[in-house]
1. Among the residues of the stretch 59-70, are any more than 9 Å from the ligand (Cβ to nearest atom), at pLDDT 95 or above and among the hydroxyl-bearing types (S, T, Y)?
2. So, A90, is that one more than 9 Å from the ligand (Cβ to nearest atom), in the same structural domain as F177 (by TED's automatic domain parsing) and exposed (fewer than 13 other Cβ atoms within 10 Å of the Cβ) or not?
3. What residue, among those in the stretch 124-152 that are small (G, A, S) and surrounded by fewer than 19 Cβ atoms within 10 Å (Cβ to Cβ), is modelled with the lowest pLDDT?
4. Residues of the stretch 28-37 being more than 24 Å from E78 (Cβ to Cβ) and more than 8 Å from the ligand (Cβ to nearest atom), which ones?
5. Give me a count of the residues in the stretch 38-56 that are touching a strand residue (DSSP E or B) at 6+ places or on another chain (Cβ under 8 Å) and more than 8 Å from the ligand (Cβ to nearest atom).
6. Do the conditions hold for E139, that is, is it touching a residue at least 40 places away in the same chain (Cβ under 8 Å) and out of contact with any helix residue (DSSP H, G or I) (no Cβ under 6 Å at 6 or more places or on another chain)?
7. So which residues in the stretch 1-27 are in contact with a strand residue (DSSP E or B) (Cβ under 6 Å, 6 or more places away or on another chain), open to solvent by 10 Å² or more (accessible area, probe 1.4 Å) and either over 19 Å from L162 (Cβ atoms) or near the ligand (Cβ under 9 Å from one of its atoms) (or both)?
Amino acid sequence: MKLYNYFRSSASFRVRIALQLKSLPYDYLPVHLAKGEQLQPNYAALSPERLVPLLEDQGRRLNQSLAIIEYLDEIQPEPPLLPGSPAERARVRALALDIACEIHPLNNLRVLKYLTRELGQTEDTKNAWYRHWVESGLEAVEQQLAGHPATGPYCHGDMPSLADCVLVPQIFNARRFDCRLDHVPTVMKVFEHCMQHPAFIAAQPSNCPDAEQ
Ligand SMILES: N[C@@H](CCC(=O)N[C@@H](CS)C(=O)NCC(=O)O)C(=O)O
């Protein structure tokens, strides 16, 4: 397998965690987002949406990190990243989507660039935008985790799931942009627990071949 990705990309980080959890080896192909390599014709030919991650497996190209993770879960079912019952799976998917759909797209690189370049917003306004969507979005996740009987050391029970693969990278992003996190204690407890796990440690940005300070 080949994974086109970028060390700081949280959507890529989600897939790296899943690959590590499943002990699936892969070639790491860096796409330098800050230098705009995702927009170059050679990458755009592979990824019409010009986004990372992109997974190549046996001639197939897969995009969208959540779809990739579910694909990995199906071709390599152990350890499972989705729980056993339909209601439990719906809970885990909803937690993942609350971050992947409701927070992350608003703060993506191209959206932030559009705010400053095309709409003429200042760095301070851009950062306020970023923090607003992260802080309010994580508060909604906190409300779903705190006090829920299915919440364990991980988002759902005592095994990492799709929800943890999505939560952890969002916290790395939040920290980079100095977002408040003291209002989401359950989220942070799950995050700290995940970051004890070797798969999450191995997949983190600082351990990537293209890592920069
Ligand atoms: N929903 C997509 C999001 C992918 C995405 O937004 N990737 C970002 C990095 S985290 C990207 O490639 N950004 C490039 C850009 O904004 O130009 C997924 O989950 O894979």
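The values are calculated or read from the model by the stated rules, or taken from the named source; none is laboratory data. Computed from a prediction, not measured in an experiment: that's the story for all the values here. Positions of Cβ are backbone-derived with ideal geometry, glycine not excepted, and every protein chain shown enters the neighbour counts. Please note that ligands, DNA and RNA were not included when accessible areas were found on the heavy atoms of the full protein model with its side chains. Shrake-Rupley method; radii C 1.70, N 1.55, O 1.52, S 1.80 Å.
1. No.
2. Numbers: more than 9 Å from the ligand (Cβ to nearest atom): yes; in the same structural domain as F177 (by TED's automatic domain parsing): yes; exposed (fewer than 13 other Cβ atoms within 10 Å of the Cβ): yes.
Against the criterion (more than 9 Å from the ligand (Cβ to nearest atom), in the same structural domain as F177 (by TED's automatic domain parsing) and exposed (fewer than 13 other Cβ atoms within 10 Å of the Cβ)), A90 qualifies.
3. Residues of the stretch 124-152 small (G, A, S): 128, 136-137, 140, 146-147, 150, 152.
Now narrow it down to the ones that are surrounded by fewer than 19 Cβ atoms within 10 Å (Cβ to Cβ): 128, 136, 140, 146-147, 150, 152.
On the way: A128: 97, S136: 98, A140: 98, A146: 98, G147: 89, A150: 98, G152: 98.
Step by step, filter the stretch 124-152, then rank; the result is G147.
4. L29, P30, H32, A34, K35, E37
5. The first filter runs over the stretch 38-56 and keeps only residues touching a strand residue (DSSP E or B) at 6+ places or on another chain (Cβ under 8 Å), leaving 43, 46-47, 49, 51-56.
Then keep just the ones that are more than 8 Å from the ligand (Cβ to nearest atom); that gives 43, 46-47, 54-56.
The total comes to 6.
6. Values: touching a residue at least 40 places away in the same chain (Cβ under 8 Å): yes; out of contact with any helix residue (DSSP H, G or I) (no Cβ under 6 Å at 6 or more places or on another chain): yes.
Here the answer is yes, as E139 does meet what is asked.
7. Of all residues in the stretch 1-27, those in contact with a strand residue (DSSP E or B) (Cβ under 6 Å, 6 or more places away or on another chain) come to 1-4, 12, 26-27.
If we keep only those that are open to solvent by 10 Å² or more (accessible area, probe 1.4 Å) as well, we get 1-2, 4, 26-27.
Those that are in contact with a strand residue (DSSP E or B) (Cβ under 6 Å, 6 or more places away or on another chain), open to solvent by 10 Å² or more (accessible area, probe 1.4 Å) and either over 19 Å from L162 (Cβ atoms) or near the ligand (Cβ under 9 Å from one of its atoms) (or both): K2, Y4, D27.
Table: residues versus (1) among the aliphatic types (A, V, I, L, M); (2) more than 22 Å from N108 (Cα to Cα).
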{"position": "L167", "(1), (2)": "yes, no"}
{"position": "R176", "(1), (2)": "no, no"}
{"position": "C179", "(1), (2)": "no, no"}
{"position": "D182", "(1), (2)": "no, yes"}
